[in-house]
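Have a look at the structure below before the remarks.
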């Protein structure tokens, strides 16, 4: 017969072993790391222009030509400003100064009208093109979502889809319509400005060009 004291010892021993096994399992079991969400794949910028219609292509071509025309003409203001300083020469007569200033004012007005017309064309055409592309991609994206199975809607928060679609395609519209057209304008304006500087004063332009590496270094250090 097993005494009461032995039964108490056996029960205490079994509880101790059970608790030690549970402690060992909880200590030795590796913790599972939370799964990171998959990173979205980057696509080429040219993919945005895949589904363009003929109208969209015409808008892109005309808008790009208008941006190039504005970028080529706008640096010509520097020629007019240089002519103003040469006009006020003490050796020139009053009538000569007035005639030269009239021509310079006419030249500046023509440049302003040119930039106003073609600037409006390139900005409006690219904005309209961006809206067409964004609307087409938004509809394709919505149709692709509606073709998904039920498991897709269980994993994703459906109530956030409309706001996500609006935010994402607003960025697409802004990048295509405003930034890309401004890049075309800025690059053309820079090239035209350098060409005018080399044509009008190659020596002075060469001296100024030597400061470009210094400016780039300062921008790299202090620009972020």
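Worth pointing out:
- Cα gyration tensor category, rounded, prolate or oblate, for the stretch 153-224 with a/c compared to 1.5: oblate
- Shape of the stretch 51-222, Cα gyration tensor, a/c cut at 1.5: prolate
- Gyration tensor (alpha-carbon) shape descriptor, the stretch 47-121, a/c threshold 1.5: prolate
Each value in this text was obtained by applying a stated rule to the coordinates, not by laboratory testing. Please read these numbers as outputs of a predicted model, since none were measured by experiment.
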